[in-house]
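Step one of this worksheet: look at the structure below.
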Amino acid sequence: MFNVNEFVKACQGQKPGTIKEILTEALRDPEGVTKALTDLGAGKDVSHGAMGDMLIHRAPDLTVLKAAVPPKFKSPPHNHLMWAVIGVYDGQENNYFYRRSGNGLEAAGGKQVRQSDVLVLGEDVIHAIENPLDHTLFAIHVYGGDLPAAPRRMWNPFTMREEAFDFQTMRGYVQKMMEQQQ
């Protein structure tokens, strides 16, 4: 059975490749992961409305989140400025990768991450995510640093101009992008 505290302890001080192995092993039991993270978040419903991240662990060298991504959600391109290991335990997360080009970004491929899949992102990756399904996507995100404190960047999804990461501005972009889908 998946144990959140043991998972965090196993990830501490590890490199992304090792964390990928730890997370891959955990995701062999997606129901156990779901139960443990549901129990941990009892009383916190992050499955409706805007994207909800439940902070599981935060330290200068490691952040672990339970991500809940609503149906049809799309994010603008952004970076983390640290490596990330993402494991989906319910749903699908589409990642769209970008590289800097002139004053903006250009597309550089993508990757679908389905239930029990794990994706490693390097510290210089710029990506956007999407939940293409009609139900909430749930994933574990492990970051090689203090994600909330990182001086991250994001890109306006309509102009591809770079700007400082701001959660409220990102929410506004997300809302406009989702309205355009309807």
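Every read-out reported here was derived from the displayed coordinates using simple, explicitly stated rules and does not represent laboratory data. Keep in mind that what you see is a predicted model, and the values were worked out from it rather than measured. Note that we place each Cβ from the backbone using ideal geometry, even for glycine, and neighbour counts take in every protein chain shown.
Under 11 Å from the Cβ of residue 95, count the other residues' Cβ atoms, weight Lys and Arg +1, Asp and Glu -1, and hand me the total.
My count for the surroundings of residue 95 gives -2.
If a/c stays under 1.5 just call it rounded; otherwise compare a/b with b/c (prolate if a/b is bigger, oblate if not). Do that for the chain, with a ≥ b ≥ c from the square roots of the Cα gyration tensor eigenvalues.
prolate
List the trypsin sites (Lys or Arg not before Pro) within region 126-182 that DSSP assigns to loop and that have no more than 12 neighbouring Cβ atoms inside 10 Å.
Here the sparse-neighbourhood loop sites are 161.
Taking R0 as 25 Å, what FRET efficiency do you get between residue 18 and residue 100 from their Cβ-Cβ distance, rounded to the nearest 0.05?
Efficiency for this residue pair is about 0.25.
Tell me the GluC sites (Glu not before Pro) within region 108-182 that lie in a loop according to DSSP and have at most 16 other beta-carbon atoms within 10 Å.
Sparse-neighbourhood loop GluC sites (Glu not before Pro): 123.
Under the rule a/c < 1.5 gives rounded, and otherwise a/b versus b/c splits prolate from oblate, where does region 98-152 land using the Cα gyration tensor?
Oblate, since a/c reaches 1.5 and b/c is not below a/b.
Rank 133, 119, 23 by mean-square fluctuation in a GNM of the chain with C-alpha springs under 10 angstrom and give only the top-ranked residue.
Most flexible of the set in this elastic network: 133.
Which of 116, 75 comes first, and how do the rest follow, when ranked by fewest Cβ neighbours within 10 Å?
116, 75
Quote to one decimal, in nm, the extra length available between residue 164 and residue 123 on full extension: 0.36 nm per residue of separation minus the C-alpha distance between them.
13.1 nm
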